[in-house]
Amino acid sequence: MKRVYNILIIIFSILFIGIVTSGSLNIECLLKKVFNISCPGCGLTRSFIAIFHLKFLEAFNYNILGIPLFIGYIIICIFLIVDIILNRLNTLQFIYKILCKYYIVIIFTLIISMITNNIRGI
């Protein structure tokens with residue numbers, strides 16, 4: 001069951017990123033649409049597309065969190081594949097512990113990203 005859970009996470013996350021970055025699914029930011037304020041995620045799709053095209057400076061300009069999130073996603077996928085092979089859930093437990101322990105740092109990072117997105121007019 002642990003393998004199935006990890007496989008589903010990998011498949012759905014790859015499908016989601018593939019669909020969003022292909023442009024076939026247009027997701028608009030609710031904060032941007034209603035309040036005309038960029039959220040921490042504004043520009044991430046364009047940032048990921050730029051990373052796929054190896055345009056890292058352009059990716060950084062779209063969203064400063066794009067490159068770190070992309071690298072983190074790749075690392076998590078690798079560890080999930082290892083978990084699938086070894087039939088365990090260590091990666092998900094590790095992520096949960098990190099989120100619980102460093103939630104203040106994560107929230108602060110998101111706020112800084114939101115401020116920089118609005119200053120640069122993303």
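The values are calculated or read from the model by the stated rules, or taken from the named source; none is laboratory data. A quick note: this is a predicted structure, and the numbers were derived from the prediction, not measured. Neighbour counts run over all protein chains shown; Cβ positions are idealised from the backbone, glycine included.
Any idea which residue in region 75-106 is surrounded by the most Cβ atoms within 10 Å (Cβ to Cβ), counting only those that are touching a residue at least 60 places away in the same chain (Cβ under 8 Å) and assigned to a helix (DSSP H, G or I)? For region 75-106, the residue satisfying everything is D83. Just checking, does region 15-38 include any residue being closer than 19 Å to N117 by Cα and either in contact with a His (Cβ under 8 Å, 6 or more places away or on another chain) or touching a residue at least 40 places away in the same chain (Cβ under 8 Å) (or both)? Yes, region 15-38 has at least one match.
Filtered by the rule that a residue be over 15 Å from V20 (Cβ atoms) and at pLDDT 90 or above, region 32-58 gives H53, L54, K55, F56, L57, E58. Scan region 23-50 for residues that are buried (at least 20 other Cβ atoms within 10 Å of the Cβ), assigned to a loop (DSSP other than H, G, I, E, B) and more than 12 Å from the chain's Cα centre (by Cα) and the total you get is 1. Could you check, for region 51-64, whether at least one of its residues is of a type outside the set (S, T, N, Q), in a loop (DSSP other than H, G, I, E, B) and at positive phi? Looking through region 51-64, at least one residue is of a type outside the set (S, T, N, Q), in a loop (DSSP other than H, G, I, E, B) and at positive phi. In region 56-74, the condition of being small (G, A, S), surrounded by fewer than 13 Cβ atoms within 10 Å (Cβ to Cβ) and within 30 Å of R3 (Cβ to Cβ) is met by at least one residue.
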